[in-house]
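S.K.: I'd like to ask you about the structure that follows.
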Amino acid sequence: MLALTELGQRLRQERESKGLSLEDLQKLTKIQKRYLLGIEEGNYEVMPGKFYVRAFIKQYCEAIGLDTDAIFEEYKSDIPSTQTEDMPQQLSRVRSRKEIPQHTKGVSKAYDYLPTVLVVAGVVVVGIIIWVIAQNIVSDKNKEQANQEAPNSEVQHSNTQEETNETTAKNDNSKSEDEQSAADKKEKEKAEKEKAAKEKAEKEKAEKEKKDSGKQEYKEVQKTGRSATYALSGTDAFNLEVTSTQADTWLDVKNGKGNAFFSSILKKGETKEFDLTKETEARVNIGYSPGVELKVNGKAVDLPFDSSKQVRQVVTIQYQPAEAQ
């Protein structure tokens, strides 16, 4: 085996660094393997001629990515010279770039399409920028229009709300006034009815008392100890009123059968009324007679004893209706 020249050693190192074998390089350059090996070993005798030596070296350099001019200048002593630097067009091509090994094929294709991709990407970016600007312009116009319409809308809404509130307030006030008026009217009617009923009752009572007073007779029948008996006649009613004006007193009111109508303390200033029309006898037991007043059918009657001498007094009233006489 021949010793490698400096150029051959440089080319082999670069090839191997690219991970390429001589078979790979043969596929790339379409140069027979024995010629490629001859270039690395500096054995140019295997070449068809000097012209092909320079042409094959140039294709070798292009295949592994070296600068041809720089290599020719740096290693011109290792490369045979010819009268012309020209070479057939077909020899200057590295057609194998389209047929690169599997691990470099994708990279080569990517480089081939890179300009087109960049142009398309640029067009897309410009289109996006134009679209964004157009959207911003439309958005600004919509906002401006909305701002112009908003005050009118707010004013209209405010007016409508005020009208609604005013109507609601009027309805509430009207309803409240109607309810108050109805309540006042009902209360007034009730008061008038009560007043009329009271006046009627007082009138009937006064008429009855006036009628009975003309013929009513209340006379003493018997007195003994602290008890006295009276006879009530000439009337069709027997109403008894007992009032204490000076102090509290014990009061016990029963009928002739011993049934109690009242048996408790009669407080100062208090009056008790008893309708005894259906009774034939009433027994009134007064524990503290000073200041106690009796009325029979609205007419005041005297106690049987002087209250300063007889504090406790018992008054029995026997009643005979006028119609039974």
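S.K.: Name the residues whose placed amide hydrogens come within less than 5 Å of the amide hydrogen of L276, ignoring near sequence neighbours (fewer than 5 apart) on the same chain.
M.R.: F238, N239, L240
S.K.: Points 7 angstrom from Cα along the Cβ direction at K205 and K219: gap in nanometres?
M.R.: Result for the modelled spin labels: 2.9 nm.
S.K.: Under 14 Å from a label point 7 Å along Cα→Cβ of D252: give me every residue in region 311-325 with its amide N that close.
M.R.: Inside the label zone: 312-316.
S.K.: If I stretch the segment between K278 and K193 completely, what's the gain in nm (0.36 nm per residue apart, minus their alpha carbon distance), one decimal?
M.R.: On the way: separation 85, 0.36 × 85 = 30.60 nm, distance 2.96 nm.
Separation in residues times 0.36 nm, less the Cα-Cα distance, equals 27.6 nm.
S.K.: Can you give me the distance in nm between label points at I130 and A182, each placed 7 Å from the Cα along the Cα-to-Cβ direction?
M.R.: 7.5 nm
S.K.: So who's got an amide H within less than 5 Å of the one on V292, skipping anything under 5 residues away but keeping other chains? H placed 1.01 Å off N, in plane.
M.R.: Close amide H contacts, sequence-distant or interchain: T245.
S.K.: When you count, for each residue, the other Cβ atoms within 10 Å and take the mean per peptide, how do 16-22, 128-134 rank with the highest first? Write out the running numbers ahead of the final one.
M.R.: Values: 16-22: 13.3, 128-134: 10.0.
So the order, starting with the most tightly packed, is 16-22, 128-134.
S.K.: What distance in nm separates the two pseudo spin-label positions at K30 and K141, each 7 Å out from Cα along the beta-carbon direction?
M.R.: 6.0 nm
S.K.: Near the amide H of Q313, under 5 Å away, which other amide H atoms are found, from residues 5 or more places off or on another chain, if H is placed in the peptide plane?
M.R.: Correct list: I286, S289.
S.K.: Same structure, new question: Listed highest first by mean packing, meaning other Cβ atoms within 10 Å per residue, what order do 248-261, 60-73 come in? Show your work: numbers first, answer last.
M.R.: Working: 248-261: 14.7, 60-73: 16.5.
The packing order, highest mean first, is 60-73, 248-261.
S.K.: Follow-up question, since we're still on this one. If you wrap a convex hull around the alpha carbons of region 194-263, what volume per residue comes out, as a whole number of Å³? Walk me through the numbers before you get to the answer.
M.R.: On the way: hull volume 11.9 nm³, N = 70.
Convex hull volume per residue, Cα atoms: 171 Å³.
All of the numbers you see were taken from the coordinates with simple rules; none came from a lab. Predicted model only: the values in this text are computed from it and were never measured. No Cβ is skipped: glycine too gets one built from the backbone with ideal geometry, and neighbour counts run over all protein chains shown.
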